[in-house]
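Notes follow the structure.
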Amino acid sequence: MALCGVAFLPAAAAPDALRIGLPIGAASPSPRPRRLTGPLHPRRRQATCSLGRIASFAASTGAEEVAAAEAADEEEVGPVVKFKMSHFIVSDHVSVGLQGRSDEVIYEATVRDPNSPLYNSRVVLRQLTSVQAKRRGRRALEVLKRLARRKLMYHSYAMQVYGYVSPSNTGDDVPFTLVHGYHGSYSLRHWLQLSDWFPTLEATLALDEECLRRVGDDSTGGPAVTRQLRLTRILMRDLLIGVNYLHSHGLAHTELRLENVHISPVDKHVKIGILGNAVDFYNSNPNDSMVDGNSNRRKMMIAFDMRCVGFIMAKLILRELMDASTFLKFKSFLTKGNDPSCLRGFLLPILFRDSPSGNAGLQIMDRNWGAGWNLLSRLLALKPSERISCLDALRHPFLCGPKWRTGPSMDLIRWGLGSTTVRMAEDYIYVGHQRNRIAYFIELMELLNPSPRTKGWFNFLPGRWRLLYSTGRHIGLTLRQTTPSVLIRDVHLTFTKASDSDHRTFSLVSDISFKVIPTPEWPHDKSGPPGSLCVESCVKICPGRRLYPKEEDGEASSTLFQNSSAHNLSRRKWKGMGNIKELPSSVPTVKLLVDDIDVSMRLDSSSLSVDTAEKVLREVRTQIPFEMFDVSKFVCGTYVDSRMMVLRGVSGSALLFTRSCPTNDAI
């Protein structure tokens with residue numbers, strides 16, 4: 001069954017007949033429309049509400065009186081059923097997976113009224129005691145009337161609300177009891193709290209080829225990571241279709257959490273929970289003079305729901321975030337203004353802490369050139385206007401199986417190149433062909449630089465950057481017999497806007513932390529006093545260009561061309577990358593004009609002599625790229641975005657940096 005064909009129809013594009021619940025093609029509402037009948041709409045002998053009367057009544061008395069008239073006739077319009085407590089046999093237990101708040105009491109019951117279409121069906125009675133809880137219950141009934149017009153979508157993606165129990169007496173202290181369906185399974189939180197949640201849920205849903213075709217896949221079985229990715233796609237796509245169903249009806253859920261998402265093994269769909277906190281996009285008539293205000297309100301509510309979907313996705317894939325303290329650090333990282341595109345670097349120590357041999361969630365997120373991290377960062381974008389919508393998320397390559405061809409955007413191509421380069425550099429492989437591939441990917445990133453002008457560099461450059469890779473000298477701690485041995489730990493560049501009026505000037509600090517290992521048995525014992533080397537200077541940013549050598553520019557240029565990555569970029573296998581038809585003769589860059597530098601070194605050991613300190617300094621300079629020691633050797637910047645930066649030195653080597661994330665202890 002194709003699911004997306006119905007979910008992708010926005011409310012604004014629906015015909016007027018569809019909006020008021022009439023068959024498509026009806027010219028106008030009849031004076032006495034047919035009553036809705038069905039399993040949840042028992043026939044009544046009372047007169048029904050007339051849409052024709054409401055239309056004429058609205059013209060004379062206004063929208064507020066129409067709302068009051070509809071509220072007065074709520075028993076006659078819509079799918080809400082009024083029950084009595086005598087209609088139920090209350091069970092003496094509550095199944096696992098059902099839970100309520102402190103102002104809610106949950107009962108399981110069976111309908112025993114033979115005249116009810118729900119006869120012998122198991123339902124849930126949610127007794128609401130506080131004023132806020134009662135408001136949520138009545139709001140859920142109001143939302144039900146709007147959503148049930150499209151029954152297929154409502155029954156597939158929303159928890160079914162049948163009606164309410166009519167109280168035997170009146171008063172403020174009388175609880176309001178909501179009657180809704182029980183889908184025979186846990187909420188998503190209960191599933192994820194199981195130690196063997198994945199194989200158990202996979203067996204419960206009994207995924208077949210029809211289910212897999214819903215996500216663009218036609219294969220079953222395979223490694224555990226592949227199977228978990230398929231299940232993640234099914235759950236996330238169902239969740240997004242359900243949320244889009246709400247948004248297309250002018251509603252925002254505002255309370256999307258694991259507790260409010262249920263999985264039904266009957267129809268193998270995700271059900272969005274009670275909609276008691278659903279909010280209308282429009283706080284007034286959308287046709288009045290406050291159109292701009294309503295539009296902003298709608299965008300903010302959609303963005304809030306998408307952020308909640310991002311949190312659900314993070315917990316679904318990265319099980320470590322189910323721990324309350326870890327998730328608190330995760331949220332603090334975002335609330336403090338850190339860019340979500342740097343989440344991988346922040347979460348990497350946490351993910352490897354309990355599974356050093358490999359984390360399944362990390363493998364899922366890293367697949368397809370890091371597409372999972374891209375989707376998560378767009379769901380959790382700091383600016384609400386930059387968050388991805390439900391429809392765009394459903395078209396994202398991470399949620400599309402191998403049978404669905406998706407045309408990645410240029411931003412996604414850049415993301416994939418950067419993610420692949422980072423993963424290859426993390427492998428710490430010094431094989432020649434691997435180093436060549438990394439150099440090719442860096443060249444591609446430079447050609448696709450999203451911020452070639454100085455204005456983009458002014459926005460992205462400030463911050464702390466960690467050196468990840470250099471295409472030039474990269475020696476490290478090898479089997480060279482040096483005394484003492486030095487282990488380089490982290491190498492950072494920090495750019496800070498200068499306090500003077502010139503916005504093009506930044507203060508630059510190169511910070512190299514290392515450890516001095518006095519013993520020659522360093523492969524087995526890496527203990528020793530720490531130290532740091534600090535280089536400070538000022539740098540001015542100016543526009544510039546980087547020229548590519550041409551094969552026909554002479555013998556010297558031809559040799560440079562054959563040895564450069566530009567030669568490989570011009571080959572056939574790269575011609576389909578983005579919109580690059582042929583290599584340009586030059587690309588815009590920024591020039592780095594460095595002032596005088598100040599070098600200082602600190603060693604946390606009083607036992608080292610001056611001669612030993614000189615040897616330590618010499619060894620540090622040997623292992624790190626010389627541009628990090630003499631920052632005046634930086635010539636230009638060729639790539640920068642929210643998470644990565646590439647700087648070029650006088651030798652032509654490229655230094656790849658990733659934005660440094662605060663440590664977990666700092667959060």
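Below are the figures for this structure:
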quantity: Members of the stretch 122-133 that are open to solvent by less than 40 Å² (accessible area, probe 1.4 Å) and hydroxyl-bearing (Ser, Thr, Tyr); calculated: Ser130
quantity: Condition broken by Ser102, with the remaining ones in (1) under 19 Å from Val80 (Cβ atoms); (2) surrounded by fewer than 20 Cβ atoms within 10 Å (Cβ to Cβ); (3) without any contact (Cβ under 8 Å) to a residue 60 or more places away in the chain satisfied; calculated: (1)
quantity: Residue in the stretch 227-244 that is of a type in the set (D, E, K, R) and touching a strand residue (DSSP E or B) at 6+ places or on another chain (Cβ under 6 Å) present; calculated: yes
quantity: Leading residue by the ranking (nearest to Phe198 (Cα to Cα)) among those in the stretch 308-350 that are among the hydrophobic types (A, V, I, L, M, F, W, C) and open to solvent by 30 Å² or more (accessible area, probe 1.4 Å); calculated: Met322
quantity: Among (1) assigned to a helix (DSSP H, G or I); (2) out of contact with any helix residue (DSSP H, G or I) (no Cβ under 8 Å at 6 or more places or on another chain); (3) open to solvent by less than 60 Å² (accessible area, probe 1.4 Å), the one test that Leu229 misses; calculated: (2)
quantity: Residue check for Lys550: among the basic types (Lys, Arg), loosely packed, with under 14 Cβ neighbours inside 10 Å and modelled with pLDDT under 75; calculated: no
quantity: Residues of the stretch 134-146 satisfying the condition of being touching a strand residue (DSSP E or B) at 6+ places or on another chain (Cβ under 6 Å) and either open to solvent by less than 10 Å² (accessible area, probe 1.4 Å) or modelled with pLDDT under 90 (or both); calculated: Gly137, Ala140, Leu144
quantity: Conditions (1) buried (at least 22 other Cβ atoms within 10 Å of the Cβ); (2) closer than 17 Å to Gly472 by Cα: number failed by Ala439; calculated: (1)
quantity: Qualifying residue in the stretch 518-541 (condition: over 30 Å from Val486 (Cβ atoms), modelled with pLDDT of 65 or more, of a type outside the set (Gly, Ala, Ser) and assigned to a strand (DSSP E or B)); calculated: yes
quantity: Pick from the stretch 209-226, criterion charged (D, E, K, R) and part of a helix (DSSP H, G or I), ranking: least open to solvent (accessible area, probe 1.4 Å); calculated: Glu210
quantity: Failed condition for Asp598, given (1) more than 17 Å from Phe495 (Cβ to Cβ); (2) at pLDDT 85 or above; calculated: (1)
quantity: Residues located in the stretch 269-281, provided they are without any contact (Cβ under 8 Å) to a residue 60 or more places away in the chain and in a strand (DSSP E or B); calculated: Val279, Asp280
quantity: Positions within the stretch 188-205 being part of a loop (DSSP other than H, G, I, E, B) and free of Cβ contacts under 8 Å to residues at least 12 places away in the same chain, in sequence order; calculated: Leu194, Ser195, Asp196
quantity: Residues satisfying the stated conditions in the stretch 237-253, i.e. in a loop (DSSP other than H, G, I, E, B) and open to solvent by 10 Å² or more (accessible area, probe 1.4 Å); calculated: His249, Gly250
quantity: Which listed residue is outside any loop (DSSP other than H, G, I, E, B), under 28 Å from Tyr245 (Cα atoms) and at pLDDT 90 or above, from Arg414, Arg367, Arg378, Arg344; calculated: Arg378
quantity: Residue that is in a helix (DSSP H, G or I) and touching a strand residue (DSSP E or B) at 6+ places or on another chain (Cβ under 7 Å), where the choices are Ala425, Ala393; calculated: Ala425
quantity: Test: residue in the stretch 450-459 that is modelled with pLDDT of 85 or more, hydrophobic (A, V, I, L, M, F, W, C) and out of contact with any Phe, Trp or Tyr (no Cβ under 8 Å at 6 or more places or on another chain); calculated: yes
quantity: Condition check for Leu256: in contact (Cβ under 8 Å) with a residue 40 or more places away in the chain and either open to solvent by 10 Å² or more (accessible area, probe 1.4 Å) or assigned to a helix (DSSP H, G or I) (or both); calculated: no
quantity: Residue ID - most open to solvent (accessible area, probe 1.4 Å), chosen from residues in the stretch 106-121 that are closer than 18 Å to Lys84 by Cβ and assigned to a strand (DSSP E or B); calculated: Tyr107
quantity: Subset of the stretch 208-224 [among the hydrophobic types (A, V, I, L, M, F, W, C) and in contact with a Gly (Cβ under 9 Å, 6 or more places away or on another chain)]; calculated: Leu212, Val215
quantity: Given (1) out of contact with any Asp or Glu (no Cβ under 7 Å at 6 or more places or on another chain); (2) open to solvent by less than 70 Å² (accessible area, probe 1.4 Å); (3) at pLDDT 85 or above, number of the condition Val486 does not satisfy; calculated: (1)
quantity: Condition check for Leu467: more than 14 Å from Asn368 (Cβ to Cβ) and part of a helix (DSSP H, G or I); calculated: no
quantity: Members of the stretch 81-99 that are closer than 22 Å to Val261 by Cβ and either in a strand (DSSP E or B) or open to solvent by 40 Å² or more (accessible area, probe 1.4 Å) (or both); calculated: Val94, Val96, Gln99
quantity: Residue satisfying all of: in the stretch 420-436; of a type in the set (Ser, Thr, Tyr) and over 18 Å from Leu343 (Cβ atoms); most open to solvent (accessible area, probe 1.4 Å) among these; calculated: Tyr428
quantity: Members of the stretch 362-419 that are among the β-branched types (Val, Ile, Thr) and open to solvent by 10 Å² or more (accessible area, probe 1.4 Å); calculated: Thr406, Ile413
quantity: Residue identified as under 15 Å from Leu275 (Cα atoms) and in contact with a Ser or Thr (Cβ under 8 Å, 6 or more places away or on another chain) among Leu147, Leu128, Leu178; calculated: Leu128
quantity: Flag if Ser168 is farther than 21 Å from Asn277 by Cα, small (Gly, Ala, Ser), open to solvent by 40 Å² or more (accessible area, probe 1.4 Å) and assigned to a helix (DSSP H, G or I); calculated: no
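Here's the yes/no breakdown for (1) farther than 21 Å from Pro384 by Cβ; (2) modelled with pLDDT under 90; (3) part of a strand (DSSP E or B); (4) open to solvent by 40 Å² or more (accessible area, probe 1.4 Å):
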residue: Asp267; (1), (2), (3), (4): yes, yes, no, yes
residue: Asn283; (1), (2), (3), (4): no, yes, no, yes
residue: Pro286; (1), (2), (3), (4): no, yes, no, yes
residue: Ser289; (1), (2), (3), (4): yes, yes, no, yes
residue: Asp292; (1), (2), (3), (4): no, yes, no, yes
residue: Arg297; (1), (2), (3), (4): no, yes, no, yes
residue: Met301; (1), (2), (3), (4): no, no, no, no
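The values are calculated or read from the model by the stated rules, or taken from the named source; none is laboratory data. The structure presented is a predicted model; accordingly, all values stated were derived computationally and were not measured. Don't worry about glycine lacking a Cβ; one is built from the backbone with ideal geometry, like all the others, and counts go over all protein chains shown. Side chains included, ligands, DNA and RNA excluded: accessible areas come from the protein's heavy atoms. Shrake-Rupley method; radii C 1.70, N 1.55, O 1.52, S 1.80 Å.
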